[in-house]
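Q: Structure below; questions to follow.
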């Protein structure tokens with residue numbers, strides 16, 4: 001069986017790396033951006049299908065402040081940090097903020113109703 005390395009187009013014998021439908025010599029599985037060897041996690045560039053290392057991917061797409069996963073093209077930035085739309089929600093009711101308005105209290109963010117409910121509970125103790 002003739003298996004060729006995606007990078008150098010030479011025959012691959014022995015140990016190889018299979019990434020998706022592509023095969024690489026172990027030393028040829030490199031990030032298409034920085035050209036460093038990929039040792040652990042990698043992503044596939046949607047335009048050309050080439051591998052991208054975690055570090056280069058994080059530069060291209062920011063990481064969500066809450067879940068620490070990459071955010072795609074649609075995200076919000078609150079207080080300078082990127083969030084998935086589903087991650088930046090009210091701490092009290094887990095719903096998005098009406099009109100984008102939120103209030104910070106004790107390190108958490110609340111919509112106006114949950115904010116006042118939280119403040120009232122704390123003051124009534």
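The values are calculated or read from the model by the stated rules, or taken from the named source; none is laboratory data. This one's a predicted model, so the numbers in the text were calculated from it and none came from an experiment. Ideal geometry is used to build each Cβ from the backbone, glycine not excepted, and the neighbour counts take in all protein chains shown.
Q: Considering each of 70, 97 in turn, give the residue that is surrounded by 11 or more Cβ atoms within 10 Å (Cβ to Cβ) and under 13 Å from the mean Cα position of the chain (by Cα).
A: Working: 97 fails: under 13 Å from the mean Cα position of the chain (by Cα).
Selected residue: 70, the only one of 70, 97 that is surrounded by 11 or more Cβ atoms within 10 Å (Cβ to Cβ) and under 13 Å from the mean Cα position of the chain (by Cα).
Q: In the range 105-119, which residues are over 21 Å from residue 63 (Cβ atoms) and surrounded by 11 or more Cβ atoms within 10 Å (Cβ to Cβ)?
A: Hits for the range 105-119 are 105, 110, 111, 112, 113, 114, 115, 116, 117, 118, 119.
Q: If residue 85 satisfies all but one of (1) within 30 Å of residue 42 (Cβ to Cβ); (2) out of contact with any strand residue (DSSP E or B) (no Cβ under 8 Å at 6 or more places or on another chain), what's the number of the condition it fails?
A: Going through (1) within 30 Å of residue 42 (Cβ to Cβ); (2) out of contact with any strand residue (DSSP E or B) (no Cβ under 8 Å at 6 or more places or on another chain) one by one, residue 85 breaks only (2).
Q: Name the residues in the range 102-125 that are closer than 20 Å to residue 65 by Cα and out of contact with any helix residue (DSSP H, G or I) (no Cβ under 7 Å at 6 or more places or on another chain), would you?
A: Within the range 102-125, the first condition is being closer than 20 Å to residue 65 by Cα, and the residues that meet it are 102-111.
Answer for the range 102-125, where residues must be closer than 20 Å to residue 65 by Cα and out of contact with any helix residue (DSSP H, G or I) (no Cβ under 7 Å at 6 or more places or on another chain): 102, 104, 106, 107, 108, 109.
Q: Here's something else I'd like to know. Which is modelled with pLDDT of 85 or more and either within 18 Å of the chain's Cα centre (by Cα) or under 30 Å from residue 71 (Cβ atoms) (or both), of 6, 44, 33?
A: Matching residue, one of 6, 44, 33: 6.
Q: Can you name the residue in the range 1-26 that is touching a strand residue (DSSP E or B) at 6+ places or on another chain (Cβ under 7 Å) and within 19 Å of residue 56 (Cβ to Cβ) and, of all such residues, is surrounded by the fewest Cβ atoms within 10 Å (Cβ to Cβ)?
A: 20
Q: Of (1) surrounded by 11 or more Cβ atoms within 10 Å (Cβ to Cβ); (2) more than 21 Å from residue 32 (Cα to Cα), residue 122 satisfies all except one. Which?
A: The single condition residue 122 does not satisfy is (1).
Q: Related question: Which pairs turn up if I take residues in the range 97-125 that are touching a residue at least 12 places away in the same chain (Cβ under 8 Å) and look for partners that are loosely packed, with under 14 Cβ neighbours inside 10 Å with beta carbon separation below 6 Å, at least 6 apart in sequence or on another chain?
A: Correct list of pairs: 114/93.
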